[in-house]
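Quick notes on the structure that follows.
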Amino acid sequence: MIKFIIDEQALANGAHTIHNASKGCEDLPKTEDQRFLGYFESHKLVKKWAVMHWPTEKIQVCEKCCES
């Protein structure tokens with residue numbers, strides 16, 4: 001299982017970015033801006049979960065630490 005977090009600070013495009021915290025991404029947000037999402041098998045599952053829980057928010061996955 002992979003540990004995922006989301007950046008509580010939106011980017012300029014209004015999106016909140018999901019990161020694979022198990023990989024140590026260079027673009028991880030500051031600790032105070034991270035929200036723990038949980039442990040999931042893939043970035044696709046965690047994105048689906050996040051969209052269900054925050055339907056009004058724009059959510060994307062980090063291209064550096066979440067393989068497509």
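Here is the list for the chain: trypsin sites (Lys or Arg not before Pro) lying in DSSP coil, each with at most 16 other C-beta atoms within 10 angstrom of its C-beta, are K23, K30, K64. Within the stretch 23-58, none of the chymotrypsin sites (Phe, Trp or Tyr not before Pro) combine a DSSP coil assignment with at most 14 other C-beta atoms in a 10 angstrom radius. Ratio of Rg to Rh for the chain: 0.91 [Cα atoms; Kirkwood radius as inverse mean 1/r over pairs]. Per residue, the accessible area of the chain comes to 67 Å² when a 1.4 Å probe rolls over the protein heavy atoms.
If both residues of a DSSP beta bridge must be in the chain, then about 70% of such bridges are antiparallel.
Under 5 Å between amide hydrogens, built in the peptide plane, is the criterion, and for L37 it picks out F4, I5, I6 among residues at least 5 positions away or on other chains.
Applied to the stretch 8-24, the Karplus parametrisation 6.51 cos²θ - 1.76 cosθ + 1.60 on θ = phi - 60° returns per-residue 3J(HN,Hα) values of 6, 8, 6, 6, 4, 7, x, 8, 9, 9, 8, 10, 7, 6, 6, 8, x Hz, with x for Gly and Pro. Shown is the FRET efficiency for C25 and M52, computed with R0 = 25 Å from the Cβ-Cβ distance and rounded to the nearest 0.05: 0.60. For the chain, carbon and sulfur atoms together expose 50% of the accessible surface, with a 1.4 angstrom probe and every protein chain in place.
The values are calculated or read from the model by the stated rules, or taken from the named source; none is laboratory data. The structure displayed is predicted, hence computed values, not measured ones. Neighbour counts are summed over all protein chains in view; Cβ atoms, including those assigned to glycine, are modelled from backbone coordinates with ideal geometry. We work out accessible area using only protein heavy atoms, side chains counted, and drop any ligands, DNA or RNA first. Shrake-Rupley method; radii C 1.70, N 1.55, O 1.52, S 1.80 Å.
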